[in-house]
Structures are given as C-alpha cells and as structure tokens.
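Student: The structure under discussion is supplied below as structure tokens; questions concerning it will follow.
Just so you know, all these numbers are worked out from the coordinates, no wet-lab data involved. In this text, all values refer to a predicted model and were calculated from it rather than measured experimentally. For neighbour counting, all protein chains shown are included, and Cβ atoms are generated from backbone atoms with ideal geometry for every residue, glycine included.
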Amino acid sequence: MAENSVNKTQKKNKKNSFFIYELVIVCACPVFGTAVMLIEGCTATTLIKGITGGFVLSAALCFVLYRAVRSKDLLYDNLVNMNRFMISYAACALIAALSVFLPEFIVPVAALGFICAVFSNACSGIFCSLIFCSMPLLASGKSFEFFLFSFSTCLAVILLILIGRDIKEKIVVPVVIFSLAYIVLYTALIVLKRNDIVPSVIINPIVGLILDDAVICLTVYGVRKNIILANEEKYDRIVDPEHPLLTELKEKDKREYKRSIHTAYICDRLADKLGFERALMKGAGFYHRIGVLANNNMNIADATVHMVKRENFPWPLVKILEQYGNESMEEIPPEASLLCIADTVINEILLRMEKGEEDIDYEKLIDRVINSLIGSRNGKLQKSGLKIQHLYRIRKYLKEEKLYYDFLR
C-alpha cells in the first residue's frame, strides 16, 4: 500500500511539473513578442496578430512535446531533466524576440533551434525553430524571405546533425554541409533578388554563419562532456559484474544471476553486430530481472523498473527495462526486442540443461524461440521494431555461439 501511495504521489508531482512546463511554453513566445511589439509601437491589429500567432504556435509545440513525453521519445536523459529544455527554450525565445532590434541575419537562429532539439528531440526542435523564426515576422513585419531562409537553415542543421546520427560522432562534415547550404540559401533567397549589394548584405550573414557554427559546436561539446560522457561513466559502473546489485543477486539467487550475466553477454555481442549501443544493451541484460531482489508484492517487471529508478540508472536503460516488461505496448522497440530474444534463448537453454539434456540442438532451439516470439499469433514480439535484416543477423549470430552455450553447464 505504501508503495502504491508513493507511486501515486510521484505521478501527481510529474503531472504538476509538466503543467508548469507547458504554461511556460505557452506564455514565453506571446509575452516576449508582446513586449517587443509594445516597445516598437505596433498598431493594435499587428499586436493582435502577433499574440494570436504566438499562442497558436506555442500550443502546437506543447502538443508535440506532450506526445514526445508520453511516448518517452526524447534524446539522452531529457525526459527526467525537462528543466534543460525549459531553460534553453525560454532563453532562446527571448533572444529570438530581441533579434527584432538587431540587423537581419546576425542572430544565430539555426543554432537556437538546434539547442532546443538537443534538449528535447528533433521534432520538438523543428517546432521551436518555427516559433523563433516567426517572432521577427509577427512582431516587426520582417520579410517573408528572411523567415523562409531562417527556418530552412534550422531544418538543415537539425536534419544533418540529429536525424540518423549521434552527436558523439564527428560533426565537422555536417557543419561544413550546413555552412554550404546556408550560403546557397542566402544567395538564392536574398542576394539574387537585390539590385544593390551593400556591405551589410555580405557582412551580416557571414557574422550570423560564424555565430551559428560556433554555438552549434559549443553545444555539441557541452552535451558530449556533461551528458554523454557522464552517462558513459555511469554505464561503466553499472556493467561492472561487482556492482552491489549484481553481487546481491549472486548471493540470493545463483540461477537468476547466471541467467543475467549470460543474457548480458549475448546482448553485448548482438549490439556489436547490429550497431546498437553496447553498454546500454549489456546493462539491460544484467538488470532485466533484478526485481527478484525486491521484498514486496510487485511483479518482477515492475519491481525491476522501481529498483533501477531508485538507483538512478541512466534513463535510456530504464526505458528499455520498462518496455521489456510492458506487454501492452503496440510495438516493442528494437532494443527491448533484442533483450527479449537474448533472454528467452538463454533461459530456454538453461531449462534444457537443468532437465539433464545432454545433446541439445541449438539451431532448432533458436529457430523455435524466435519463431514463437515473432511468428506466433500470440508471440510477445509479433509487433517488434526489429527489421528483417536484423532478425536474419540475430539468428545467424546466435547459431554461431554453440561453443559458448556449452559453458552454461
């Protein structure tokens, strides 16, 4: 009962916190925009248009962010650190509003959208970019070409660096491509339409591009150092076989400990073959049944999630363990599917060995397990996010580990 009471209190606090976040999102753009329009001495019509447009765009961003939070589709551990996004969004919205008083193309709007994308996800970052690019248009009636150029550069940097790529990789090439796209877009939308070329036409965009590149690189450096590397250090401690939780599991239930360490090995090897994050999958293999240590009435899946949250494990690992234990999901993501296959294969082999079977046909066993999980009508992974080529490689690799399975005896 006490456990349920704590969970209800935590959920209520999360709802209250998210309500405050959405309130900030809804109000930031209209408030900053209104202040700028009043300083500019805009007409009542412009004021109404600006405020209405600001609220509409902000409401759309709230919806997108709400969907991302519900589906837990945020980058890194932003889901449990929403303050990062709120602070960055409020600061970037203020800078976008103040850009009305500065020459066009000086403010690094693309970098502002990128910052918000890094602290939420690509989709939310795109909507933030739309808001930041619209504020000068709504508040002071700057040219539509300026809006189109700014939003296009925001899309370019988010797509090049965040979509299909991790910022742990080198970003020199994406930044160079972004800079070239910036120059081409500027030339096509601005320069070719002008009859006169004054110094500001050349100087302003160059300054803006330098600021964009500098802020993007600094953001990537800061995220790598303070978030990604910090999480990697956490993973190093978590995947240590001498971790207190694993030591306790070994002492309390040797069978579960054996199942966990061998599942972790298979997850690690499969992650290496498929290009998934190895430390993340290895950690998932180690702790996917750590809930057996809980002394309460919760089932193993719920107890596992509760324990890893209590131990402050990185959010991506918590997310996989939640997905692994959630049988009501419409689609099981690839990482959770991989964990499920590895665990089921190891457990099936252990069960056969415990029954005294000497000559186990591992190839048939692996085919039967995967077919029952994915091909069966009631299979747990019937709606798995794994691709066909992933499944082919998983089968192939698992069948290559025959010698390893004999060590399970």
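Student: Please list, ordered by chain and number, the residues whose modelled amide H lies under 5 Å from the amide H of S384; skip anything fewer than 5 residues away on the same chain.
Tutor: I332
Student: GNM, the chain, Cα, under 10 Å: largest mean-square fluctuation among Y89, Y21, Y392?
Tutor: Highest fluctuation of the listed residues: Y392.
Student: Using unit Cβ charges (K, R positive; D, E negative) and no other charged atoms, how large, in debye to the nearest 20, is the dipole of the chain about its Cα centre?
Tutor: 540
Student: Still on this structure, I have one more. Just to check I understand the Karplus step: with θ = phi - 60° and J = 6.51 cos²θ - 1.76 cosθ + 1.60, what whole-Hz values come out for region 384-400, glycine and proline as x?
Tutor: Listing the rounded values in order: 6, x, 5, 7, 4, 5, 5, 4, 4, 6, 5, 4, 4, 5, 4, 6, 7 Hz.
Student: How would you order 266-274, 76-84 from highest to lowest mean count of nearby Cβ atoms within 10 Å?
Tutor: Highest mean packing first, the order is 266-274, 76-84.
Student: So which trypsin sites (Lys or Arg not before Pro) in region 148-223 end up in coil per DSSP with only 16 or fewer other C-beta atoms within 10 Å?
Tutor: Numbers: sites: R165, K168, K170, K193, R194; in loops: R165, K168, K170, R194.
In loop regions of region 148-223 (DSSP not H, G, I, E or B), the sparsely surrounded trypsin sites (Lys or Arg not before Pro) are R165, K168, K170, R194.
Student: If you don't mind, another one. Taking the convex hull of the Cα atoms, report for region 183-286 its projected area averaged over all directions, in nm².
Tutor: Here the figure is 9.7 nm², rounded to one decimal.
Student: For region 17-232, treating each Cα as an identical point scatterer without solvent, what Debye log10 I(q)/I(0) comes out at q = 0.11 1/Å?
Tutor: So the normalised log intensities work out to -0.52.
Student: Tell me, C217, C123, C42 in order of fewest to most beta-carbon neighbours within 10 Å?
Tutor: C217, C123, C42
Student: To continue, here is another question. Hey, what do the phi angles of region 31-41 turn into as Karplus ³J(HN,Hα) couplings, whole Hz, using 6.51/-1.76/1.60 and θ = phi - 60°, x for Gly and Pro?
Tutor: Calculated HN-Hα couplings, in order: 5, 5, x, 5, 4, 5, 5, 5, 5, 6, x Hz.
Student: Further question: Students often get this wrong, so try it: which of (i) 308; (ii) 163; (iii) 239 is volume of the Cα convex hull per residue in Å³ as calculated from the structure shown?
Tutor: The value computed from this structure is option (ii).
Student: Under 4.7 Å Cβ to Cβ, no partner at all: give me those cysteines from the chain, in residue order.
Tutor: Flagged as lacking a Cys partner: C27, C29, C42, C62, C92, C123, C133, C154, C217, C267, C340.
Student: Within 10 Å, count the other beta carbons around each residue, average over each peptide in 319-331, 340-352, 236-248, and list them highest first. Please list the in-between numbers first.
Tutor: On the way: 319-331: 16.4, 340-352: 20.2, 236-248: 14.3.
Highest to lowest by the protection proxy: 340-352, 319-331, 236-248.
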